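Participant: Just passing along the structure, written as structure tokens.
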Amino acid sequence: MSFNAFKALACPLDGDPLTQAEGAWRCAAGHSFDIAKQGYVNLLPVQNKRSNDPGDSKAMVAARQRFLNAGYYQPIADAINHAALNGAPENLPLSCLDAGCGEGYYLRQLAQAASDNTQLELIGLDISKWAAMAAAKQSFHKEQSLYKEQSRQQEQGRQKDPSATWVVGSNANLPVQSASLDRLLCMFGFPVMSEFARVLKPGGVLLQVEAGANHLRELREIIYPTLKPERSGEQLVPEGFTAQVAETVSYSLTLNGKESIADLLAMTPHLYRASAEGRERAAALETLIVSVDVRVIKWIKNA
Ligand SMILES: C[S@@+](CC[C@H](N)C(=O)[O-])C[C@H]1O[C@@H](n2cnc3c(N)ncnc32)[C@H](O)[C@@H]1O
Ligand SMILES: [Zn+2]
């Protein structure tokens, strides 16, 4: 099989390795974390929670799921897949964490894009339980529909299992063993570079995706009275990393219909930042042509 769930988890309370048995992950000290019926595990200690329901809400997760599955950000996924898989060693496991994975779109896309000789070991982590739940459910749906596919694929001599380990957890304290990852994605997320440096193997690759100056400009022009100047794109090289190429992905996106426009607004921080009038102006739109402009930054973990 080319795809496996990532297994090198660590106890969020003491950092000891976790092992999976009988529907739970356990450490040697006896801490135990049940796998929920939807297939994700909660590794966020209550004392590390800043709120009862941290991260994106159920409604935001659902909006992002509809928007991304419609394919509007496919070029971003393509750029990430290429950056993550290009030059990856064949026939060796390639472990990849999506830190702040949302409902799992980019890991599903990575699994689809990988060649049959790439043995992905996938883990998606998000602080929102709604995100982890939505990701786990889609992963399982895929597997079920794969049953029908399987005989056809076996005939062709290949079989894919796109399942991943889905975790509720925080980037601030990743429940992952040190130096266990080949790739780490942080897409429109909340990077914690010291943790990312800890969990990546030497030579491992961090792929960060951030909004560029023109990202969603037309939507922002509609919802805000004036546009704030964008912060400068240059970033210092974080400790433990070597800077690599930064790439820009930009294109024009046409959204037809109120629902996709509402979904885009709901999956960004702009929904909360906009005034009521701004939101009303966006809600009145039937069509929107909007710029997508993101930077993909590739950092290499020092040897
Ligand atoms: C803008 S969304 C991006 C989601 C996904 N990467 C995507 O591009 O579709 C940011 C995500 O980060 C999650 N998040 C916020 N704080 C976090 C933290 N400290 N650790 C992990 N995830 C976090 C949110 O719940 C949300 O799902
Ligand atoms: Zn423990």
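The values are calculated or read from the model by the stated rules, or taken from the named source; none is laboratory data. Model, not experiment: these values are computed from the prediction. Methodologically, a virtual Cβ is constructed for each residue, glycine included, from the backbone with ideal geometry; neighbour enumeration extends over all protein chains shown. SASA here: full protein model, heavy atoms, side chains in, ligands and nucleic acids out. Shrake-Rupley method; radii C 1.70, N 1.55, O 1.52, S 1.80 Å.
Participant: Run the 1.4 Å probe and let me know the accessible area of Ile300, rounded to the nearest 10 Å².
Facilitator: It works out to around 40 Å².
Participant: Moving on. Just to confirm the filter: which trypsin sites (Lys or Arg not before Pro) across segment 1-55 are DSSP coil and have at most 11 other Cβ within 10 angstrom of their Cβ?
Facilitator: Sites meeting the loop and neighbour criteria: Lys37, Arg50.
Participant: How large is ³J(HN,Hα) for each residue in segment 12-28, as worked out from phi by the Karplus curve 6.51 cos²θ - 1.76 cosθ + 1.60 (θ = phi - 60°), to whole Hz, x for Gly and Pro?
Facilitator: Karplus-based 3J(HN,Hα) across segment 12-28 equals x, 8, 9, x, 5, x, 9, 10, 9, 7, 6, x, 8, 9, 10, 9, 5 Hz.
Participant: Follow-up. Rounded to the nearest 10 degrees, what's the angle between the helix 74-85 long axis and the longest principal axis of the chain, both from Cα atoms, 0 to 90?
Facilitator: With both axes taken from Cα atoms, the answer is about 30 degrees.
Participant: Please report the antiparallel percentage of the DSSP beta bridges confined to the chain, to the nearest 5.
Facilitator: The antiparallel fraction comes to roughly 55 percent.
Participant: Net charge near Ser57, counting Lys/Arg +1 and Asp/Glu -1 over other residues with Cβ under 11 Å of its Cβ?
Facilitator: Charge balance near Ser57 sits at +1.
Participant: Turning to a different aspect of this structure: Which whole-number percent is the relative contact order of the chain (Cα, under 8 Å, 6+ apart)?
Facilitator: Once normalised by length, the contact order is 21 percent.
Participant: Please express the shape of the chain as an equivalent ellipsoid: the semi-axes are the square roots of 5 times the eigenvalues of the C-alpha gyration tensor, given largest first in whole angstrom.
Facilitator: Over the Cα atoms of the chain, the semi-axes work out to 31, 22, 21 Å.
Participant: Please identify the trypsin sites (Lys or Arg not before Pro) of segment 219-282 that satisfy two criteria: DSSP loop assignment and at most 14 other Cβ atoms within 10 Å. Which are they?
Facilitator: Taking segment 219-282 and a limit of 14 other Cβ atoms within 10 Å, the loop trypsin sites (Lys or Arg not before Pro) found are Arg231.
Participant: Sticking with this structure for a sec: Give me the percent of the accessible area of segment 196-259 that comes from carbon and sulfur atoms, probe 1.4 Å, all protein chains in place.
Facilitator: Of the solvent-accessible surface of segment 196-259, carbon and sulfur hold 53 percent.
Participant: Using 22 Å as the Cα-Cα cut-off, could you pick out the over-long pairs in Lys7/Lys129; Lys137/Lys301; Lys137/Lys258?
Facilitator: From Lys7/Lys129; Lys137/Lys301; Lys137/Lys258, over 22 Å: Lys137/Lys301; Lys137/Lys258.
Participant: Less than 13 Å Cβ to Cβ from Cys186, Lys/Arg counted +1 and Asp/Glu -1: what total charge do the surrounding residues give?
Facilitator: Taking every other residue near Cys186 into account, the sum is -1.
Participant: Per residue, how much accessible surface does the chain expose to a 1.4 Å probe? Answer in Å², no decimals.
Facilitator: 48
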